[in-house]
Amino acid sequence: MKNFFKILGVALIAGSMLFVACKKDEENTNNGGNGGNNTPTDTTPTTPTDPVDPPAPTTVMTLNIDGVDYDVDEFNAGYYQGTLYLIPESTTGGALQIESAQTVGVHDTNDMGSQWGVCYFPASTNQSDLYFTYNGTQYPRWENWIGDDVETITAIDLNAHTISMEYSGTMLDLEMYMNQGSQVVTKTTAVNLQNAEWTEVQLSKKAAMKSLKK
């Protein structure tokens, strides 16, 4: 009878140990409700990457002659007697010479004054297409005498030689006008220079063609 109680006691102890072991296994397999994956999540904040340098601004340089756009192949500018002359040139569309303002803003004929000269030179090797003689003096053949010039400058740096601007105006065949009066041929002309850098050139009286003043 004594042996019976000893065996029963051993059995109860063994049963208790088995119950505890099973209970511990159940806790491990259900930890966090993630199917037994006990690996902690890394919550360390990540170091932000270095900011990427912004792209360089896009440069746009075009001439528009009678509704046709031409890419500007060369953009020169220089000073003559304190006036800034912008000279965007296209090998296929000709060149425009603008007695430009030097400040940000909208500049029209009234703002620039009646002495404001803007000339257009077609892409031609024929000198008679480019110049004519009046009272013994040679002048550009195509000039703006209409008075509808508008130059809008949104940015300009006279030291870095950069400019963002738009110009529009109507050129007329000045030789025809001087000889025939009202019977004239006109050309709409425009230039668009955005984030454009000019090459500075030295201008002489001949290089900076003076228009036949109004």
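For this structure, a couple of remarks:
- Residue within segment 69-90 that is of a type in the set (A, V, I, L, M), within 24 Å of Asn179 (Cβ to Cβ) and assigned to a strand (DSSP E or B) present: no
- Unmet requirement for Ser100, which otherwise passes all of (1) touching a residue at least 40 places away in the same chain (Cβ under 8 Å); (2) within 19 Å of Asp173 (Cβ to Cβ): (2)
- Restricted to segment 133-149, and to residues there that are assigned to a strand (DSSP E or B) and touching a helix residue (DSSP H, G or I) at 6+ places or on another chain (Cβ under 8 Å), the residue that is most open to solvent (accessible area, probe 1.4 Å) is Tyr134.
- Test for Gly136: is it under 30 Å from the mean Cα position of the chain (by Cα) and modelled with pLDDT under 90: no
- Condition met for Val104 (at pLDDT below 95 and either surrounded by fewer than 18 Cβ atoms within 10 Å (Cβ to Cβ) or hydroxyl-bearing (Ser, Thr, Tyr) (or both)): no
- Some residue of segment 71-84 being under 19 Å from Asp148 (Cβ atoms) and surrounded by fewer than 15 Cβ atoms within 10 Å (Cβ to Cβ): no
- Subset of segment 117-132 (residues that are open to solvent by less than 10 Å² (accessible area, probe 1.4 Å) and in a loop (DSSP other than H, G, I, E, B)): Gly117
- Residue check for Leu172: closer than 20 Å to Glu74 by Cβ and not hydroxyl-bearing (Ser, Thr, Tyr): no
- When restricted to residues that are within 21 Å of Trp198 (Cα to Cα), outside any strand (DSSP E or B) and open to solvent by 50 Å² or more (accessible area, probe 1.4 Å), segment 152-187 contains 2.
The values are calculated or read from the model by the stated rules, or taken from the named source; none is laboratory data. Bear in mind the structure is a predicted one, so any value in this text is a computation, not a measurement. Because the Cβ atoms are built from the backbone with ideal geometry, glycine has one as well, and the counts that use them run over all protein chains shown. Just so you know, the surface numbers come from the protein's heavy atoms only, side chains and all, with ligands and any DNA or RNA stripped out. Shrake-Rupley method; radii C 1.70, N 1.55, O 1.52, S 1.80 Å.
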